[in-house]
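For reference, the structure discussed in these notes is given below.
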Ligand code: PMV
């Protein structure tokens, strides 16, 4: 298993448990005495260095939420906390070439290329992102940027690329800030990248590190914040090491309803408060589940979260349905297979029809055979992506 460092949020080998737990306790005490950060902590002090021209590249992964973020307050503050596995194979690579302008005006000055081709239609989203983060990166209008981005997964796969793309872009911009302020610590760089990525797409704030990341204030999790994601700070059983995520591409079409609209529909939703409370409770319940490796309880929480997310969509006004008949066929097949095989295969869903199959590495052979035999038929063009838990972004 790669990169099995000790420490909170890392999947642990048993022999490492004692040391890691000690480290957990110390971190817990430290986090309790540390002061809650605010937006103002991300406004930089005057820069000490100059950067005239250069290039910065980052590859950032997608993530899959176990407890789902659905509903937000102003400034991309989540209505409930969420937690996700950072993925490994589904990534966005972004290269930012920057050149300091001799004269700069009121506009952001950038070009955007997606997979080698200029994409004017993507620019408004980046412009909105830049306006939201300008207060925290005051140099943005002083440069011309060429932003080149590409995904490891097919563009029209129905996989949301906003998490990986906003995370990669945020990392590039904070890395540029580090050239202006080399004293910035790696920990602060990650935290600020998460804080900024959140302002592009909420779930993106969980994509700037691995492997289990929590975002949103939760009373049972020290150090948790609405402003950025944190590495899960408690012990995690080794069964979750190399946990697999096979993504079945059921519907590769564009999203019918944007997640922005979906989040908005949680305002005045008849079940919103119960849902937000439930997410808090599910996070509390996950703590012993992660620690003990209780896969039966894990399956129950994860599947319930996925179905609740879609139940919220179906019970909002206007209501909408994102799952497809094949999504339901797959879910029923999974339930039958799980009972028969005594494996711990479970599913989760994002805001779409695709199905993420989660299972421990030890069950891979049996599950992949089942996917080939029984589930591929429900995928568009028979396509699926084999991914797994990942350990965070990479500097290019
Ligand atoms: O990050 P957004 O605004 O695209 O919202 C994504 C929400 C879900 O993917 C449905 C759930 C989650 O927590 O990732």
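Quick note: the coordinates plus some simple rules give every number you see, no bench work behind them. Only a predicted model underlies this, so the values are computations on that prediction, with no experimental measurement involved. Using ideal geometry, Cβ is built from the backbone for each residue, glycine included, and neighbour counts are taken over all protein chains shown.
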| message | Please give the Cα centre distance for segment 48-73 versus segment 196-246, rounded to the nearest Å. | response | 13
| request: For every helix of n ≥ 4 consecutive DSSP H residues, a contribution of -39,500 (n - 2.57) applies; sum these over the chain, divide by its total residues, and give [θ] at 222 nm rounded to the nearest 500 deg cm²/dmol. | output: -11000 deg cm²/dmol
| remark: Per GNM of the chain with C-alpha springs under 10 angstrom, the most fluctuating residue out of 386, 205, 172 is 386
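Taking neighbour Cβ counts within 10 Å as the exposure measure, how do 184, 52 sort from fewest upward?
Neighbour counts put them in this order, fewest first: 52, 184.
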| remark: Where a ≥ b ≥ c are root eigenvalues of the Cα gyration tensor, a/c under 1.5 meaning rounded, otherwise prolate if a/b exceeds b/c and oblate otherwise, segment 101-150 counts as prolate
| task | Quick one: angle between helix 186-200 and the longest Cα principal axis of the chain, in degrees between 0 and 90, rounded to 10, please. | result | 80
| field | Exposure proxy order (Cβ contacts within 10 Å, fewest to most) of 131, 225, 259 | value | 131, 259, 225
| message | Apply the a/c threshold of 1.5 to the C-alpha gyration tensor of segment 272-396 and tell me whether it is rounded, prolate or oblate. | response | rounded
| note | Per residue convex hull volume, Cα only, segment 230-300, in Å³ is 162
| task | Send over the semi-axes of segment 157-278's equivalent ellipsoid, whole angstrom and largest first, taken as the square roots of 5 times the C-alpha gyration tensor eigenvalues. | result | 26, 20, 18
| query | Using 0.36 nm per residue, how much length does the chain from residue 123 to residue 304 gain when fully extended, once their Cα-Cα distance is taken away? | reply | 61.5 nm
| said: For a Förster distance of 56 Å, can you work out the FRET efficiency between the beta-carbons of residue 377 and residue 273, rounded to the nearest 0.05? | reply: 0.85
| query | Between residue 317 and residue 75, what is the FRET efficiency for a Förster distance of 35 Å, r being their Cβ-Cβ separation, to the nearest 0.05? | reply | 0.90
| said: Test of understanding: in a Gaussian network model of the chain with alpha carbons linked when under 10 Å, which of 209, 244, 142 would top the mean-square fluctuation ranking? | reply: 142
| note | Taking a ≥ b ≥ c as the square roots of the eigenvalues of the Cα gyration tensor, with a/c under 1.5 meaning rounded and otherwise prolate when a/b exceeds b/c and oblate if not, the chain is prolate
| note | In a Gaussian network model of the chain with springs linking alpha carbons closer than 10 Å, the residue among 384, 319, 359 that fluctuates most is 319
| Quick one: helix 272-292 against the long Cα principal axis of the chain, what's the angle to the nearest 10°, folded into 0 to 90? | 80
| Between helix 17-33 and the chain: long-axis angle, C-alpha atoms, 0 to 90°, nearest 10 | 50
| message | Run the numbers for residue 369 and residue 261: contour at 0.36 nm per residue of separation, minus the present Cα-Cα distance, in nm. | response | 35.1 nm
| field | Diffusion coefficient, µm² s⁻¹, Stokes-Einstein with Kirkwood Rh over alpha-carbon pairs of segment 41-233 at 4 °C and 1.567 mPa s | value | 77
| Residues 58, 335 arranged by fewest to most Cβ contacts within 10 Å | 335, 58
